[in-house]
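In what follows, a structure is listed as structure tokens, so that the remarks can point back to it.
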Amino acid sequence: MIDATPIVRLSGLRLDRGSRTILDGIDLEVPRGSVVAVLGPSGCGKSTLLSALTGELEPAAGSVEVLGAPLPRGKRALLERRKSIGVLLQGNGLLTDLTAAENVALPLRAHTRLPDPVIRRLVEMKLHAVGLRAAADLYPRELSGGMARRVALARALALDPPLMLYDEPLTGLDPIASGVIMSLIARLNASLGLTSIIVSHHVHETLPVADRALVIANGRIAFSGTPQQLQASDDPLIRQFLDGEPDGPIPFDTAARAMEAA
Ligand SMILES: Nc1ncnc2c1ncn2[C@@H]1O[C@H](COP(=O)(O)OP(=O)(O)O)[C@@H](O)[C@H]1O
Ligand SMILES: [Mg+2]
């Protein structure tokens, strides 16, 4: 039976950081099986949105439903729910003194009581899924940027989460490695029956693999539709973002830029 309930449902969501409202009035339904691109300029609140999906940041208002139920408040229940959410964070977060295989094994050792040979076999399968079975015994310093990103991806997949969240998966990668990562994300989404939310400011690399696209600007969802509709948009705010014009309706947030530059 096809499950028609959205895998993510946000309604009237407001997210604050300290006394600042970062996002407000966010309504979003993500259908199961889809690849959704969440786009927007640096500092617009894309990572903040992801932190609400993992329960790391509590909403100031509104609700977050993930996998058919509101995110639990209790720490234990939240950790349990998070096993079903694979996250590839900005930067890979690989432990440098562990091999690729040991890094991928970490979530399995932390969250299951599977015997060692089973874990080894699962790790092999995850590394195979990202095309890196041969790199199992290499340390992160021995991997290229693209390979390290794929190991982090294999680790995010370790517990077979139905939902994958990617935060800027292309940061620091050259165009060829970027292409490899993007097609891998799309291929895994289809072959493993996942749902993927890709947060990125790389519009042109991300749109081709997306079924739906959102643009976040000025604290709200400024666009929601298909990639084709986005490309065809004549909204000045959207055009400014897509065409990279410096002086347009998106205000230049000096505080955020200064923080990023620091
Ligand atoms: N932990 C935090 N504490 C305070 N402000 C934050 C924190 N994280 C992000 N912000 C602020 O929230 C805004 C949105 O940040 P972020 O979600 O990281 O944007 P994006 O991922 O789109 O670049 C920025 O102005 C940033 O400075
Ligand atoms: Mg971010």
| query | When Ser42 is evaluated against the numbered criteria (1) under 26 Å from His202 (Cβ atoms); (2) surrounded by 13 or more Cβ atoms within 10 Å (Cβ to Cβ), which criterion, by number, is the only one it fails? | reply | (2)
| said: Considering only residues that are more than 16 Å from ligand 1 (Cβ to nearest atom), surrounded by 14 or more Cβ atoms within 10 Å (Cβ to Cβ) and under 15 Å from Pro161 (Cβ atoms), which ones fall in the stretch 193-205? | reply: Leu194, Thr195, Ser196
| task | Confirm whether Ala158 is among the small types (Gly, Ala, Ser) and part of a helix (DSSP H, G or I). | result | no
| field | Check on Gly68, in contact with a Lys or Arg (Cβ under 9 Å, 6 or more places away or on another chain) and over 26 Å from His201 (Cβ atoms) | value | yes
| query | Is it the case that Gly145 is small (Gly, Ala, Ser) and more than 25 Å from Ser51 (Cβ to Cβ)? | reply | no
| Pairs, first over 16 Å from Ala105 (Cβ atoms) and among the aliphatic types (A, V, I, L, M) in the stretch 154-168, second away from ligand 2 (no atom under 12 Å from the Cβ) and assigned to a loop (DSSP other than H, G, I, E, B), C-beta under 8 Å, six or more apart | Leu163/Ile7; Leu163/Leu67; Leu163/Ser84; Leu163/Leu194; Met164/Leu157; Met164/Leu194; Leu165/Thr54
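All of the numbers you see were taken from the coordinates with simple rules; none came from a lab. Predicted model, so just to flag it, every value in this text is computed and none were measured. Positions of Cβ are generated from backbone atoms using ideal geometry, with glycine treated the same way; all protein chains shown enter the neighbour counts.
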